[in-house]
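Trainee: Attaching a single structure in C-alpha cells format; questions to follow.
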Amino acid sequence: MPFTPVPRVLLRDRAASLIRSAIVSGELAPGAVVKDTELAGRLGLSVAPVRSALARLADEGLVESKPQSHTRVTPLVPGQVRDAAVVVRAMHELAVREAAGSVTADDVAAMRAANERFAAAVGSGDLDAALAADDDLHEVLLARCGNGAVRATIDRFTPAVRRLERQRFAAAHGRGSVALHDSLIAACAAADVDAAVTTTTEIWTALLSELETPDVE
C-alpha cells in the first residue's frame, strides 16, 4: 500500500516540537545561534518547514531573529520567565476551577499514580521523569476542563517557564510539591473546588519563589 505524503503543516509542527524540546532541555543553549539549514539536516527535513517552525518559536519567545544577521535561542531572563509563569498559573487556576467539581474516580486514580511517579523521580533526582509526571498529573485536570483557549495559552507559555525551572529545580521544592499534589488530589476527590484552586495557587507560588533569583545573562 503506498504511503500518503505527510502534509507540510505536520512537518512544521514536528520540527517545532523537536526544536522546542531541544531549547527547553538546554541542548540548544540560551544565546546559541541556530541556522535553519543545519537544523534541517539534523532533523532530516527540508529547510521550509524548519523556517516555519522557527517563526512559530519566535512567536513563543524561544528564539529571536535579527534581520540580515542571525537567529538565536533567546537568553534566559528570569523576570520575563516570571511573567510567563504568572500567566500559566492563572490558566491552571481557571482549569482547576472548571474541572475540580467534575473529576471521576479514574481521574483521581490517574492523578495519584502520576504523583507517585513524581515522588519517585524527585527521590532519585530524575528531573526529566519528574517534569513528565508533573505534566501527567495536571493534564488530567486540563483534559477534564476541556477549554481549548486555556490549553493553548498554557502550551504557549509553559516552555519558557520550563527552561528556567530545569536550571533551578531543587529537591526540596520537589518534595514540597509532592505534598501539595496530594492536597490537590484530595480536594478534587472531594469536589472541593475552592480548596483545589487554592492549592493550585500554592503550587505555582512555590515555583515562582524558586524562579525569582537574579537575572541570568
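Trainee: In square nanometres, what is one fourth of the surface area of the convex hull spanned by the alpha carbons of region 56-169?
Mentor: Average projection, Cα convex hull of region 56-169: 8.1 nm².
Trainee: Highest first, please rank the peptides 154-162, 192-200 by the mean number of other Cβ atoms sitting within 10 Å of their residues.
Mentor: Ranked by mean Cβ neighbours within 10 Å, highest first: 154-162, 192-200.
Trainee: To continue, here is another question. From the C-alpha coordinates alone, can you work out the Kirkwood hydrodynamic radius of region 119-217, in Å?
Mentor: 14.5
Trainee: Could you give the nm distance between label points at Gln80 and Ser65, where each point is 7 Å from its Cα heading toward the beta carbon?
Mentor: Result: 1.6 nm between the two label points.
Trainee: While we're looking at this one, here's another question. What is the projected area of the convex hull of the Cα atoms of region 66-106, averaged over all directions, in nm²?
Mentor: Over all viewing directions, region 66-106 projects a mean Cα-hull area of 5.3 nm².
Trainee: Taking every pair of distinct Cα atoms and averaging 1/r, then inverting, what Kirkwood hydrodynamic radius in Å comes out for the chain?
Mentor: This gives a value of 18.6 Å.
Trainee: Classify region 2-126 from the C-alpha gyration tensor, please: rounded if a/c falls under 1.5, else prolate or oblate depending on whether a/b exceeds b/c.
Mentor: Prolate is the answer for region 2-126, as a/c is 1.5 or above and a/b outweighs b/c.
Trainee: Calculate the length of the line joining the C-alpha centroid of region 94-112 to that of region 141-186, in whole Å.
Mentor: 15
Trainee: Let me ask another. Using just the alpha carbons, could you tell me how many Å³ per residue the convex hull of region 40-82 encloses?
Mentor: Output value, Cα hull per residue: 91 Å³.
Where a number appears in this text, it was derived from the coordinates with a stated rule and is not lab data. Please read all numbers here as calculations on a predicted model, not as lab measurements. Cβ coordinates were reconstructed from backbone atoms using ideal geometry, including for glycine residues, and neighbour counts include every protein chain displayed.
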